[in-house]
Each structure stands twice: as C-alpha cells, then as structure tokens.
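J.: Take this structure first; my questions come after.
The values are calculated or read from the model by the stated rules, or taken from the named source; none is laboratory data. From a predicted model like this one, the values you see are computed outputs, not experimental measurements. Glycine gets a Cβ as well: all are built from the backbone with ideal geometry, and neighbour counts include every protein chain shown. For accessibility, only protein heavy atoms count, side chains too; no ligands or nucleic acids. Shrake-Rupley method; radii C 1.70, N 1.55, O 1.52, S 1.80 Å.
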Amino acid sequence: MDLEVLRSFRAVAEGMTVTEAAAEAGVTQPALSRALRRLEEEVGAELLQRVGRVLRPTPAGRVFKEYADTALDSWDRGRRAVAEVVDPEAGVVSLAFLHTLGTWLVPKLVTGFREAHPHVRFELRQHEENGLVQHLLDATADLVITSGDPGHPLITWRRLLVEPLRLAVPTGHRLAGRGRVRLAEVAGEPFILLKPGYGLRSVTETLCREAGFAPLVGFEGEEVHTLRGLVAAGLGVSLIPSSPDTAATPDFPIRYLEITDVRGARDIGLARLAGRTLPPVARSFSEHALRATAAPAAGRD
C-alpha cells in the first residue's frame, strides 16, 4: 500500500475532487482513479461512492479514514523527528491557528522566523477554536495560536498580544459618523456572527451579555471576510477583529467603531500540550513568537 495513495484517499474523503487530488500528488487523474480502486481491492470494501459529481466516503470509508489518518500522522511525525535529529535547522513546524490570524499575524511570525532559519518548513492548518484544541490533543500540531486560554488541563497557554475588536457598521448606518460607541447602542439590531464553535462567536456573545443584552442573530458565517461582506450589504452589525485592512473601501463600505462600555478586545496566545516535549525547531519558533509579539511594534492600535 502506497502512502501517497493513502494521502490522496484522505484528500478525496475530505472533499477534494479526484482531479484536484491527482494534481496535488503529481499524477494523472486516471492513474489516481486506478490507484484508489486498487486500494479498495486491498482493503476489501468500497471506500468511496459517487454522489452527484463528487466522491464521498462510504461507511467503510469513514472507518478506514480514521486509521489512514493515524498511519499518515505517525509517518509524518517519524520523518520530522529524524529530520530534526539530523539537522534541527531544517525541521518542520506544525502550526494550527484561527482563520482570522492567517491574514496578518501568522505570515508575520513565519516570515520573521524564516529570516533566521531559512531551511525550516511549516505545516499550516486553519481551524476554529475547538478544532485547534483537537489538533494538539491528536498531536497533529506542535503549536496552536488561538484566542483565549482553552482551559484544558492538558494544554498550556501563553498570551502573545491583545487584539482590539471593533463594531463594524455599514457606512450608511446611523452611528457611522462616530468614532466611539457603546455596544449597548446596537442592542436591538441584527448581528452578523460566526457560527457556534468559533472563538469570535463566543467573545461576541460574552461582550453583548456584559453590555446588557443578547445579540439578535441576523446571519451566521464561517469567515470574517463573509461577515464584512454582509455588514457592507447593510444586513446587520458585527464585532470584527481590528487589522490593517479594517478600513472602508469600495468593496467593503464599512465603518469600524471603538467600543467604550465593554472591553472591546480578545487575547491571542500560543498553546501547546503540557506534557509533550516540543521538537527543537518548534521550541525555537515558540520562543520567536513570544519575543516578536512582546515588542511594542508587534501590537496594533
């Protein structure tokens, strides 16, 4: 059984098309289709079935995928461990992080680290809060960057920085002409929220509760970019992390207002398994992240 075929099976089972998986593996689509059929023959069960234009895992495929994930993750960790023993400067950092941090913080930290360690590679994964914790518990990530302490007994967390949150309103909103507002002033308006399970959703609900109300759910999304688009369309208001691109543009006619009646911010920190010794290169990156964000220039107004 070829490990690369297992990787392709996992990719297809997770939603990738056979054509996309073949391109990622560097083989032709017919060759990968034949390899997946041989895999099914070897396992002795149909693992994938066609639903419309895509393949979806069968019940047997879902069971097999759990073991394939374990095998592939063990193989990858073994290769990384050997690489780091041979040359710690050429190892791999497995890092998972919140989607919202992928546009500014993570690129900045990775770029800064690779300036001093140019041969280090990164395995990057984006997820919501619960998924980030699971990456640590499953040992599929060395480190995660998340909002707030997960509060799990097996996980240690250190604050990197405090990220401001702003109330996003359409440019035509009744409050758009102001720079500072009380969150309570939009108590009766629909909120554009991330779906339950996302850290920003929990923070928003907590801040609204502290301001004396429960947010009226207008729409739910899975990305901050979507929230911004819906706010710009005039469908509601939203609490959005402040970042360099939080300014009104033709694509996003939004005003970002400072909140005065509650702490409009969230903690961003670095988490790891408490009882696990980090690989040398991951430990070096952890130290770099703490140093880089401790500098005054690392924060944002």
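J.: May I ask you to give the solvent-accessible area per residue for the chain, in square angstrom, as obtained with a 1.4 angstrom probe?
T.: Values: 15070 Å² over 301 residues.
Accessible surface, normalised per residue, equals 50 Å².
J.: Quick check on the range 78-122: what are the equivalent-ellipsoid semi-axes from the Cα gyration tensor, as sqrt(5λ), descending, whole Å? Working shown, then result.
T.: Values: eigenvalues 104, 34, 4 Å².
In descending order, the three semi-axes are 23, 13, 5 Å.
J.: Follow-up. For the chain, calculate the relative contact order in percent as a whole number, restricting contacts to Cα pairs under 8 Å that are 6 or more residues apart.
T.: Working: 475 pairs, mean separation 61.3, N = 301.
Value for the chain: 20 percent.
J.: For the chain, which span is the longest to avoid every loop-located (per DSSP) member of trypsin sites (Lys or Arg not before Pro) having at most 14 other Cβ atoms inside 10 Å? Numbers along the way, then the final one.
T.: On the way: sites that count: ARG53, ARG174, ARG178, ARG263, ARG276.
So the longest stretch without any such site is 54-173.
J.: Dividing the Cα convex hull volume of the chain by residue count, how many Å³ per residue is that? Each step should come with its number before you reach the end.
T.: Numbers: hull volume 50.6 nm³, N = 301.
Cα convex hull per residue, to the nearest whole number: 168 Å³.
J.: Within the accessible area of the chain, what % is carbon and sulfur when the probe is 1.4 Å and the other protein chains stay in place?
T.: On the way: 7860 of 15070 Å².
Exposed carbon and sulfur together represent 52 percent of the surface.
J.: Just to be sure I follow: if Rg is taken over the C-alpha atoms of the range 156-226 and Rh is the Kirkwood radius over the same atoms, what is Rg/Rh? Each step should come with its number before you reach the end.
T.: On the way: Rg = 13.3 Å, Rh = 13.6 Å.
Rg/Rh for the range 156-226 comes to 0.98.
J.: Just to confirm my numbers, what's the Cα centroid distance between the range 1-79 and the range 113-151 in Å?
T.: Answer, in whole Å: 25.
J.: Within the chain, what percent of beta bridges assigned by DSSP are antiparallel, to the nearest 5?
T.: On the way: 25 of 43 bridges.
For the chain, the DSSP antiparallel bridge percentage is about 60.
J.: Against the longest alpha carbon principal axis of the chain, how many degrees, from 0 to 90 and to the nearest 10, is the axis of helix 59-86 turned?
T.: 90
J.: In addition: Just to check, using Stokes-Einstein with a Kirkwood Rh over alpha carbon pairs, what's the diffusion coefficient of the range 1-135 at 10 °C and 1.306 mPa s in µm²/s?
T.: Working: Rh = 16.9 Å.
Answer from the Stokes-Einstein relation: 94 µm²/s.
J.: Just to verify a number: what accessible area does HIS152 come out at with the full protein assembly present, 1.4 Å probe, Å² rounded to tens?
T.: My reading of the accessible area for HIS152 is about 60 Å².
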